[in-house]
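Undergrad: Dropping a structure here in structure tokens format, bear with me for questions.
The values are calculated or read from the model by the stated rules, or taken from the named source; none is laboratory data. What you are looking at is a predicted structure, and each value in this text was computed from that prediction instead of being measured. No Cβ is skipped: glycine too gets one built from the backbone with ideal geometry, and neighbour counts run over all protein chains shown.
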Amino acid sequence: MRLVLATRNPHKVREFAQLLAGHEVVPLPDDVELPPETGETFAENALGKARAAAAATGMAAIADDSGIEAAALGGAPGVRSARYAGEDATDEENLAKLLREVPADGDRRVAYVCALAYVDPDGRERLFEGRCEGELAHEPRGEGGFGYDPAFLPADLPDGRTMAELAPEEKDAISHRGRAARALLAWLDGGAP
């Protein structure tokens, strides 16, 4: 199946192309405008983007909204993860702010959360969610991944490596996006839509 991915993030295009092997994941055409991420939940934001992409392209579309939730911050940054340090903040600036705000000697539990929406031109919609629990490292480590990966210590691999220190296959096996994508893949390969 051919799926348009409603994102401008090249990291996500590569990641979903790998995660959804057997299906063709195509990037969003440049002329398609996505709605702003103003929802209060990851699901609201993902559905809004997938609906816009399906309507504009006439193709089945997928979109995710994901982020990190810190227990010590009541779930922040949450849906504001990409803009945590400001509207045009870099990954490094967002991560630095999170590392400053989570107490060094306090609750370091974090979770990556992903809502992955599927919308086709006929209006059929499905939502898949994935979650990865872990702890926030005190300092960033590793060259792989993006976003908060250099300080995310996944609970699934208690060997002390951050997400940014994992091989792509290791990360995909446990990540929030990997889990949501596998649920979508099982649904697509099970005869849907």
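Undergrad: Quick check: is even one residue across the stretch 107-125 of a type in the set (Val, Ile, Thr), outside any loop (DSSP other than H, G, I, E, B), over 20 Å from Ala6 (Cβ atoms) and in contact with a helix residue (DSSP H, G or I) (Cβ under 9 Å, 6 or more places away or on another chain)?
TA: Yes, the stretch 107-125 contains a residue that is of a type in the set (Val, Ile, Thr), outside any loop (DSSP other than H, G, I, E, B), over 20 Å from Ala6 (Cβ atoms) and in contact with a helix residue (DSSP H, G or I) (Cβ under 9 Å, 6 or more places away or on another chain).
Undergrad: Now for a separate question. Based on what the data block shows, is Gly86 within 21 Å of Asp65 (Cβ to Cβ) and surrounded by fewer than 21 Cβ atoms within 10 Å (Cβ to Cβ)?
TA: The answer is yes for Gly86.
Undergrad: Consider the stretch 19-53. How many of its residues are touching a residue at least 12 places away in the same chain (Cβ under 8 Å), surrounded by fewer than 14 Cβ atoms within 10 Å (Cβ to Cβ), within 25 Å of Asp189 (Cβ to Cβ) and out of contact with any strand residue (DSSP E or B) (no Cβ under 6 Å at 6 or more places or on another chain)?
TA: So the answer is 1.
Undergrad: Go through the stretch 163-182 residue by residue and tally those that are buried (at least 16 other Cβ atoms within 10 Å of the Cβ) and either in contact with a strand residue (DSSP E or B) (Cβ under 6 Å, 6 or more places away or on another chain) or under 14 Å from Lys12 (Cβ atoms) (or both).
TA: Residues in the stretch 163-182 being buried (at least 16 other Cβ atoms within 10 Å of the Cβ) and either in contact with a strand residue (DSSP E or B) (Cβ under 6 Å, 6 or more places away or on another chain) or under 14 Å from Lys12 (Cβ atoms) (or both): 11 in total.
Undergrad: Condition first: modelled with pLDDT of 90 or more and charged (D, E, K, R). Now tell me which residues in the stretch 1-36 satisfy that.
TA: Arg2, Glu24, Asp30, Asp31, Glu33 - these are the residues of the stretch 1-36 that are modelled with pLDDT of 90 or more and charged (D, E, K, R).
Undergrad: Could you look through the stretch 1-18, keep only residues that are part of a loop (DSSP other than H, G, I, E, B) and touching a residue at least 40 places away in the same chain (Cβ under 8 Å), and pick out the one that is surrounded by the fewest Cβ atoms within 10 Å (Cβ to Cβ)?
TA: In this case the residue turns out to be Met1.
Undergrad: Applying the selection to the stretch 37-65, what residues are of a type in the set (Ser, Thr, Tyr) and modelled with pLDDT of 95 or more?
TA: Across the stretch 37-65, the qualifying residues are Thr41, Thr57.
Undergrad: What do you reckon, is Arg100 more than 17 Å from the chain's Cα centre (by Cα), modelled with pLDDT of 95 or more and loosely packed, with under 14 Cβ neighbours inside 10 Å?
TA: It is true that Arg100 is more than 17 Å from the chain's Cα centre (by Cα), modelled with pLDDT of 95 or more and loosely packed, with under 14 Cβ neighbours inside 10 Å.
Undergrad: Continuing with this model, one more query. Looking only at the stretch 56-70, count every residue that is surrounded by 21 or more Cβ atoms within 10 Å (Cβ to Cβ) and either within 10 Å of Ala6 (Cα to Cα) or acidic (Asp, Glu) (or both) and tell me the total.
TA: 5
Undergrad: Still on this structure: State all residues of the stretch 126-142 that are within 18 Å of the chain's Cα centre (by Cα) and either aliphatic (A, V, I, L, M) or assigned to a loop (DSSP other than H, G, I, E, B) (or both); if no residue qualifies, say none.
TA: Leu127, Leu136
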